[in-house]
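A short worksheet on the structure shown next.
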Amino acid sequence: MDKTLHIIGGGMAGSEAAWQAANMGVQVIIHEMRPKVETFAHRTGNLAEMVCSNSFRSDDDEQNAVGLLHWEMRAANGLIMQMAGRHRLPAGGALAVDRDQFSESVTNALHDHPNVTVEYGEITELPEHGHWIIATGPLTSQGLGAAISAETGADALAFFDAIAPIVYAESVDMNVAWLQSRYDKGETEEEQKAYLNCPMTKPQYEAFIDALLAADKTEFHEGETAGYFDGCLPIEVMAERGRETLRHGPMKPVGLTNTHAPENKAYAVVQLRRDNALGTLYNIVGFQTKMKYGAQTDVFRMIPGLQNASFARLGGIHRNTFLHSPTLLDDQMRLKSRPHIRFAGQITGVEGYVESSAMGLLAGRFAAAEILGKTLPTAPQDSAMGALIHHITGGAEAKTFQPMNVNFGLFRPVDGLKGGRRGRKDRYKAYTDRAKEAFSEWLADQS
Ligand SMILES: Cc1cc2nc3c(=O)[nH]c(=O)nc-3n(C[C@H](O)[C@H](O)[C@H](O)COP(=O)(O)OP(=O)(O)OC[C@H]3O[C@@H](n4cnc5c(N)ncnc54)[C@H](O)[C@@H]3O)c2cc1C
């Protein structure tokens with residue numbers, strides 16, 4: 001069998017995957033459609049172009065999960081972090097870069113690598129054989145998107161995300177909220193108590209609707225058509241259709257009894273549903289939104305029980321092509337139905353430059369190891385890369401899977417540490433210490 005690794009898409013993930021595999025001695029061909037075929041967001045023909053912000057977010061590897069991913073990528077000799085460091089701009093604790101110099105350096109480093117070839121042109125079919133990684137990102141071209149849909153089933157490839165905000169379970173005030181599924185549905189007690197419920201009185205509901213209507217919203221980018229309107233309306237659009245719409249939709253109070261005050265019938269109820277197997281994260285059901293991030297925290301903290309909520313991620317709706325990874329991919333990022341094809345980057349259901357590059361790093365190493373006849377275990381679950389890959393390929397609630405940023409809610413708890421806000425600093429340090437150790441061991445086993 002041909003031992004070349006083909007990578008479709010030379011964005012964040014494809015570039016990092018190519019670098020990793022090439023450094024392991026594997027011949028790599030990157031197939032990149034730009035500049036021949038453009039997207040609405042990219043401006044250049046460079047590899048690893050940053051389509052919007054010029055920031056890789058927090059660089060704090062002791063107290064921040066994104067910073068920890070930076071640390072792991074640096075430890076693994078990652079190209080994206082190397083070039084980000086070279087073109088860094090002053091930005092406080094964040095890792096911001098000169099975007100043009102950054103992507104030019106990534107492009108040059110790959111063009112100059114003796115094991116890498118870049119071929120410019122769009123790929124529109126799924127390859128029948130060979131070793132492949134598909135890293136075509138949120139703006140995967142239409143032709144390839146159709147080919148992936150035909151293989152996976154139309155329901156398993158989404159073209160928009162509709163992200164409801166995700167809250168850390170420990171930050172919900174359980175003196176106000178209670179656990180109950182609507183009409184106590186479910187066979188087991190766990191199922192009958194699967195939701196967190198936050199009750200509202202009429203004045204609280206009215207104030208909430210006023211805040212929603214007044215909040216700052218983001219607009220779709222030009223070319224990013226608003227085809228989201230089928231079945232996943234933003235909550236503010238529902239509120240615009242009538243002040244009672246939400247009370248008859250995601251905030252309906254029926255089938256629920258407040259265990260703290262059974263005699264008081266709530267006027268509206270906001271429900272949160274468990275988002276991961278660990279039970280550390282809950283999403284606010286039906287609360288996808290185009291509100292700006294600052295407005296979201298203000299508005300959502302008006303919900304009784306969420307007054308001190310910490311958010312693992314805020315809501316959004318974007319043009320985004322992504323797979324239903326929990327059912328389609330194995331823990332080596334192979335498509336179960338065609339294991340010679342791996343996926344990497346945002347199309348696997350992670351979100352952000354950093355997360356996408358990290359998934360590229362793993363896919364590149366997994367694919368190269370396979371070509372070299374070696375077995376590489378998946379990244380350890382206690383590392384940031386491992387927590388993320390574990391989430392998308394198994395830990396996430398499959399029924400409601402939506403793209404995910406890296407955050408400490410994806411990490412297994414460290415025993416014996418204090419919960420709540422007070423213990424947060426020690427907890428995060430313990431997570432990052434444990435992650436660094438696990439990741440270093442995983443790397444050392446490969447050398
Ligand atoms: C409008 C918009 C704004 C965003 N803003 C941010 C932000 O501010 N911060 C952030 O962290 N993330 C942002 N993202 C998410 C961001 O796109 C990803 O985090 C990151 O770029 C994903 O990396 P990737 O390698 O998976 O995809 P990309 O970086 O998009 O790379 C995919 C590559 O595949 C190529 N390609 C697509 N189809 C084909 C094909 N059929 N054949 C060959 N090549 C193909 C594309 O040209 C592209 O170069 C934004 C996304 C969008 C759409």
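The values are calculated or read from the model by the stated rules, or taken from the named source; none is laboratory data. Quick caveat, the model's predicted, so the values are computed rather than measured. Reconstructed Cβ throughout: ideal geometry from the backbone, glycine too, with neighbour counts over all protein chains shown. Keep in mind that these areas ignore ligands, DNA and RNA; they rest on the heavy atoms of the full protein, side chains included. Shrake-Rupley method; radii C 1.70, N 1.55, O 1.52, S 1.80 Å.
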- Query: Of the residues that make up segment 280-290, is at least one out of contact with any Gly (no Cβ under 8 Å at 6 or more places or on another chain) and over 20 Å from Ala239 (Cα atoms)?
  - Reply: yes
- Message: Just to verify a result, which residue in segment 368-383, among those that are in contact with a helix residue (DSSP H, G or I) (Cβ under 6 Å, 6 or more places away or on another chain) and among the small types (Gly, Ala, Ser), is farthest from the ligand (Cβ to nearest atom)?
- Response: Ser383
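Which one is nearest to Phe220 (Cα to Cα) among residues in segment 1-10 that are open to solvent by 10 Å² or more (accessible area, probe 1.4 Å) and more than 11 Å from the ligand (Cβ to nearest atom)? First the steps, then the outcome.
Quick first cut of segment 1-10, residues open to solvent by 10 Å² or more (accessible area, probe 1.4 Å) only: 1-4, 6.
Adding the requirement that they be more than 11 Å from the ligand (Cβ to nearest atom) leaves 1-4.
Values: Met1: 45, Asp2: 43, Lys3: 42, Thr4: 39 Å.
The residue in question is Thr4.
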- Query: Out of curiosity, is Arg365 within 23 Å of Ala18 (Cβ to Cβ), open to solvent by 10 Å² or more (accessible area, probe 1.4 Å) and part of a helix (DSSP H, G or I)?
  - Reply: yes
- In segment 347-356, is there at least one residue being free of Cβ contacts under 8 Å to residues at least 60 places away in the same chain, surrounded by fewer than 24 Cβ atoms within 10 Å (Cβ to Cβ) and either within 16 Å of the ligand (Cβ to nearest atom) or under 30 Å from Met24 (Cβ atoms) (or both)? no
- Message: Quick check on my filter: what residues within segment 312-346 are away from the ligand (no atom under 14 Å from the Cβ) and among the polar types (S, T, N, Q)?
- Response: Thr327, Gln332, Ser337
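Leu144 - would you say it is open to solvent by less than 70 Å² (accessible area, probe 1.4 Å), modelled with pLDDT of 95 or more, under 30 Å from Glu125 (Cα atoms) and assigned to a helix (DSSP H, G or I)?
Considered against the rule, which asks whether it is open to solvent by less than 70 Å² (accessible area, probe 1.4 Å), modelled with pLDDT of 95 or more, under 30 Å from Glu125 (Cα atoms) and assigned to a helix (DSSP H, G or I), Leu144 comes out as yes.
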- Item | Among the candidates Leu79, Leu89, residue that is within 16 Å of the ligand (Cβ to nearest atom) and buried (at least 21 other Cβ atoms within 10 Å of the Cβ) | Leu79
- On the given criteria, is Asn115 under 26 Å from the mean Cα position of the chain (by Cα) and polar (S, T, N, Q)? no
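Conditions tested, residue by residue: (1) within 16 Å of the ligand (Cβ to nearest atom); (2) of a type outside the set (Phe, Trp, Tyr); (3) open to solvent by 10 Å² or more (accessible area, probe 1.4 Å); (4) at pLDDT 95 or above.
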{"position": "Met12", "(1), (2), (3), (4)": "yes, yes, yes, yes"}
{"position": "Ala48", "(1), (2), (3), (4)": "yes, yes, no, yes"}
{"position": "Val51", "(1), (2), (3), (4)": "yes, yes, yes, no"}
{"position": "Gly67", "(1), (2), (3), (4)": "yes, yes, no, yes"}
- Task: Report yes if Gly394 is touching a Pro at 6+ places or on another chain (Cβ under 8 Å), open to solvent by 10 Å² or more (accessible area, probe 1.4 Å) and of a type in the set (Gly, Ala, Ser), otherwise no.
- Result: yes
- Query: Ile371: among the β-branched types (Val, Ile, Thr) and within 16 Å of the chain's Cα centre (by Cα), yes or no?
  - Reply: no
- Message: Yes or no: segment 272-281 includes at least one residue that is touching a residue at least 60 places away in the same chain (Cβ under 8 Å), assigned to a helix (DSSP H, G or I), hydrophobic (A, V, I, L, M, F, W, C) and over 30 Å from Ala207 (Cα atoms).
- Response: no
- Considering only residues that are over 19 Å from the mean Cα position of the chain (by Cα) and free of Cβ contacts under 8 Å to residues at least 40 places away in the same chain, look in segment 36-59 and name the one that is farthest from Arg319 (Cα to Cα). Arg43
- Does segment 212-226 include one or more residues that are open to solvent by 50 Å² or more (accessible area, probe 1.4 Å), over 20 Å from Gly279 (Cβ atoms), outside any loop (DSSP other than H, G, I, E, B) and of a type outside the set (Lys, Arg)? yes
- Pull up segment 14-40, narrow it to residues that are farther than 19 Å from Ile123 by Cα and within 13 Å of the ligand (Cβ to nearest atom), then point me to the one that is least open to solvent (accessible area, probe 1.4 Å). Glu16
- All but one of (1) part of a loop (DSSP other than H, G, I, E, B); (2) crowded, with 21+ Cβ neighbours inside 10 Å hold for Ile341; which doesn't? (1)
- Taking segment 74-119 and keeping only residues that are aliphatic (A, V, I, L, M) and at pLDDT 95 or above, one is left with Ala75, Ala76, Leu79, Ile80, Met81, Met83, Ala84, Val106, Ala109, Leu110, Val116, Val118
